[in-house]
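Colleague: Can you keep this structure in mind? I'll have questions shortly.
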Protein chains: 2
Amino acid sequence: MVCSFLRMSRRSVVNFVRLGTRAVSLLYGNSLRPFHTPVCNASSQPKTGFKPGKVAVVTKTTRYEFEQQRYLYAGLSEEDLKQLLAMKGSSYSGLLERHNIHTNNVEHIVKSLRREGIEVRVVKRGEYDEEVVRWADAILSAGGDGTMLLVASKVLSKDKPVVGVNTDPERSEGHLCLPVRYTHAFPEALEKLCRGEFRWLWRQRIRVHLEGTGINPTSVDLHEQQLSLQQHSQAHRNTTMDSQQRTGTLHDSFSKTSLLPIRSLNEIFIGESLSSRVKLNSFKPHVNILLHRASYYEISVDDGPWEKQKSSGLSICTGTGSKAWSYNINKLAEQAVEEVLKIGKSQTGLDIPLNSDIIEKVTDEYNESLVFSPDDRRLFYSIREPIVNRVFSSSQQRGFASRVSVRSRCWDACMVVDGGTSFEFNDGAIATISMSEEDQLRTVVLEH
Amino acid sequence: MVCSFLRMSRRSVVNFVRLGTRAVSLLYGNSLRPFHTPVCNASSQPKTGFKPGKVAVVTKTTRYEFEQQRYLYAGLSEEDLKQLLAMKGSSYSGLLERHNIHTNNVEHIVKSLRREGIEVRVVKRGEYDEEVVRWADAILSAGGDGTMLLVASKVLSKDKPVVGVNTDPERSEGHLCLPVRYTHAFPEALEKLCRGEFRWLWRQRIRVHLEGTGINPTSVDLHEQQLSLQQHSQAHRNTTMDSQQRTGTLHDSFSKTSLLPIRSLNEIFIGESLSSRVKLNSFKPHVNILLHRASYYEISVDDGPWEKQKSSGLSICTGTGSKAWSYNINKLAEQAVEEVLKIGKSQTGLDIPLNSDIIEKVTDEYNESLVFSPDDRRLFYSIREPIVNRVFSSSQQRGFASRVSVRSRCWDACMVVDGGTSFEFNDGAIATISMSEEDQLRTVVLEH
């Protein structure tokens, strides 16, 4: 049933927002007064609900669009594209089908919003920026989890609601999105929002302080950046040299601490990655794609003692992220659990049952223990594939913390935020990773 | 006690080698007749031993040398270098000390060889090539495991012996090198070789057939390549386009199968890596360092059915490599084993002891089971961090095989050989990974 609303004039809404946002935000929780004053049922007590006046719909780029742009610019026709994809064993029609499913779902969503009198602006991921965030009362991500991460990355305030709709449920897990059934029945979701049949979920996010990098740390936007990494590293090093020459002292510029302008919704991952050696004059440039190169660093948990570590990387995640990369790093396959129990049986002499039922139960319980709540205020760190030997410690491989500090001992490492933004994190740099309530992301959980 | 030798003239040695190499190689094992005819003890029966006439000593580049070259070219003095390193918390004197330890150990080795009348050629890793391999009767790697991998990478014959000496035992594990005590007492090792107090260890290696890549696959040498990866990808794609236009049919050039000119001593690793989008005209170039981007592929073990997989990568290793990256991918920390046993206890109701002794024993036994013999003719595949959901299978996460085929479904993936050479492995390409006796690498194991 479609609700009717009392509408305030645009100007008064804006004034309300300007004056009232702070006040409004203090009332968060199920009783939040929305931007408009919704009266869903004129005859009963007004129920609180949520109906934004302006919604930005941020859409993903489908694989089909990507391949098409790539080959179109190479001078190939649509027919050539079909043929090339077919040869690779990819299905042109499959890609087009997925593209159409996504596009249709976006249309469905946009229509549903407009039918409620909501002003909608559809924005491709490449066009999405801070101006769009400022304009919108709420932002809707139309894609998969990756699109949600992108959308969240530009929302730094805890007041602006973000809602994710999974536009390709067959292909995308959509952990961060509304349940799959709302994809084709979006008006139902809107209705629940309007009626207040939902709760706010404030997802905790991670903040990073960085010091010892020489200059204000420049980031590489892994989806949109114009520079190749080599150019980026070069530019970074050149700036370091210039800056040092200008100040006259190496020390000052080096040890400055900055709070990075990012908030991580899933995780921070630190590790060696591409290393492009400095390309200077006649010095022969090297390209090192040392994917498996061990990362060297020192780690201090909750201001504890520094420990040297060597591993394939370090993950620090939120409750939200505990279902993402961190989960895949830590989970066990039934094959491994079976083997552990088998050895436990032979070592202890106990008659531990090794039937598939028990193995599945133990495996599931183990893996489920890795997941925790998105509004939990703790971080979870995991040392991925630790290399333990005479030199490197073997204490906790993973655990909860309020705060984790990491000092890089890497040749050319990155700190990757939600798989989308990367910062140089080389020898000597120190990252302090923590959480603050003001960094929360406001999302919705609909009632059943 | 230093042996004395009967020496053949160089010409006759060369002739002996030319005529006799094939015959000689058939006699491999403890009774191999060496290039010279050694008579270690003139009064007793001649013992078979090994004493090459010409040895190439391939040395690693130390960290100190690397940093020095980097900053020297930037116009910084040695004093600036010291300061810069100090600020980063690195120790200039520490790097210099490690460098000197390495250099002194190399000198010790070279002197020991020359004292035996062996002709020695010292070659930096950048100068090491096929010509050096042809020249030498045996090759000695002076560095760590990385240097051994480099040395092995250019030895494609199973006849040419390779010996590794760990020149920085404090810092390097040296799994592929002689035991650490020989680093400072190299004459002892030489003596054993001379007396036949050793056995040959033929380490099995992996070969790769690749099809569906469009052109003869070009590799990126991860340590020495001049091109940035972006330029490399660009060049690769340009050549693909040209080649297609020339032949007139896309199909022919695409489906050609090649046996790659590499033999892997440790492992082949397949995964998504740096993706530099095609930079064409006005199309905005993207840089994607999707370190954690899932790799999509299909895998068939021992010609079994194809299975779709999504994971953070796939490792296929040899017995030698089972102690390297594969080991780190698969091993469990005590913390994880304890948790499994704890859950097993609660699920079964059995009183499984959870003391640190048992946990350590179970963990050690589990991890030791991951290691197998370098001369074992089987491959070992491991699906790293599998992502299991509705779409992707959950069969064996790892196991032995004679043959593994992989079809890429990746956007921009690499096949990385021993962490040193990388091949593009994109959507549609198929790699067939197997072993052949003729690919063995001849190494030594000294008797105690």
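The values are calculated or read from the model by the stated rules, or taken from the named source; none is laboratory data. Everything numeric here is computed off the predicted structure, so don't read it as measured data. Every residue, glycine as well, gets a Cβ built from its backbone with ideal geometry; the counts of neighbours run over all protein chains shown. Keep in mind that these areas ignore ligands, DNA and RNA; they rest on the heavy atoms of the full protein, side chains included. Shrake-Rupley method; radii C 1.70, N 1.55, O 1.52, S 1.80 Å.
Colleague: Please sort by residue number the GluC sites (Glu not before Pro) in the range A:341-428 whose DSSP state is loop and whose Cβ has at most 15 other Cβ atoms within 10 Å. Walk me through the numbers on the way to the answer.
Modeller: Numbers: sites: A:Glu360, A:Glu365, A:Glu368, A:Glu424; in loops: none.
Hits after loop and neighbour filter: nothing returned.
Colleague: At A:Val371, with labels set 7 Å past Cα in the Cβ direction, how many nm apart are the copies from this one, shortest first?
Modeller: 3.7
Colleague: Right, something else. Assuming a ≥ b ≥ c are the square roots of the Cα gyration tensor eigenvalues, decide whether the range B:57-122 counts as rounded (a/c under 1.5), prolate (otherwise, with a/b larger than b/c) or oblate.
Modeller: Working: a/c = 4.14, a/b = 2.52, b/c = 1.64.
Prolate is the answer for the range B:57-122, as a/c is 1.5 or above and a/b outweighs b/c.
Colleague: Give the shape of the range B:308-367 as rounded, prolate or oblate, defined through the alpha-carbon gyration tensor: a ≥ b ≥ c are the square roots of its eigenvalues, a/c under 1.5 means rounded, and otherwise the shape is prolate if a/b is larger than b/c and oblate if not.
Modeller: Verdict is oblate for the range B:308-367.
Colleague: Let me ask something else. Quick check on the range A:359-448: take the gyration tensor over C-alpha atoms, sort the square-rooted eigenvalues as a ≥ b ≥ c, and tell me if it's rounded (a/c under 1.5), prolate or oblate.
Modeller: In terms of gyration-tensor shape, oblate.
Colleague: From the phi of every residue in the range B:120-133, what ³J(HN,Hα) in whole Hz does the Karplus formula 6.51 cos²θ - 1.76 cosθ + 1.60 yield, where θ is phi - 60° and glycine or proline is x?
Modeller: Along the range B:120-133, the couplings run 10, 10, 8, 10, 6, 4, x, 9, 6, 8, 4, 5, 5, 4 Hz.
Colleague: Within straight cross-link reach of A:Lys54, meaning Cα distance under 22 Å, which lysines are found once same-chain residues fewer than 8 apart are removed?
Modeller: Straight-line reach from A:Lys54, under 22 Å: A:Lys111, A:Lys124, A:Lys154, A:Lys158, A:Lys160, A:Lys192.
Colleague: Would you kindly work out, in nm and rounded to one decimal, the distances from the label point of A:Ser356 to those of the same position in each other copy, ordered shortest first, with label points 7 Å along Cα-to-Cβ?
Modeller: Those separations, rounded to one decimal, come out as 4.0 nm.
Colleague: Give the average, rounded to an integer, of partner chain Cβ atoms located within 10 angstrom of each Cβ in B:344-353.
Modeller: Working: counts 15, 4, 2, 10, 8, 0, 7, 2, 7, 4.
Averaged over the peptide's residues, the number is 6.
Colleague: With every protein chain present, what is the per residue accessible area of the range A:297-417 (1.4 Å probe, Å²)?
Modeller: 39
Colleague: Students often forget the sequence filter, so: which aspartates and glutamates lie under 13 Å Cα-Cα from A:Lys256 once same-chain residues fewer than 8 apart are removed?
Modeller: Candidates past the 8-residue exclusion: A:Glu211.
Colleague: Further question: Using a 10 Å cut-off on Cβ atoms, rank the peptides B:151-160, B:303-312 from the highest mean neighbour count down.
Modeller: Per-residue mean Cβ counts within 10 Å order the peptides as B:151-160, B:303-312.
Colleague: Additional query: Quick one: with label points 7 Å out along Cα→Cβ, list the inter-copy distances for A:Arg403 in nm, shortest first?
Modeller: 5.9
Colleague: Also: Taking amide H atoms as placed 1.01 Å from N in the peptide plane, list the residues 5 or more away in sequence, or in a different chain, whose amide H sits under 5 Å from that of A:Gly399.
Modeller: Answer set, sorted by chain and number: A:Tyr381.
Colleague: Under 20 Å Cα-Cα from A:Lys308, which lysines qualify once same-chain neighbours fewer than 8 residues away are excluded?
Modeller: Within the straight-line limit of under 20 Å, A:Lys308 reaches these lysines: B:Lys88, B:Lys331.
Colleague: To the nearest whole number, what is the average tally of beta carbon atoms from other chains within 10 Å of the beta carbons of peptide B:360-372?
Modeller: Mean shielding count: 3.
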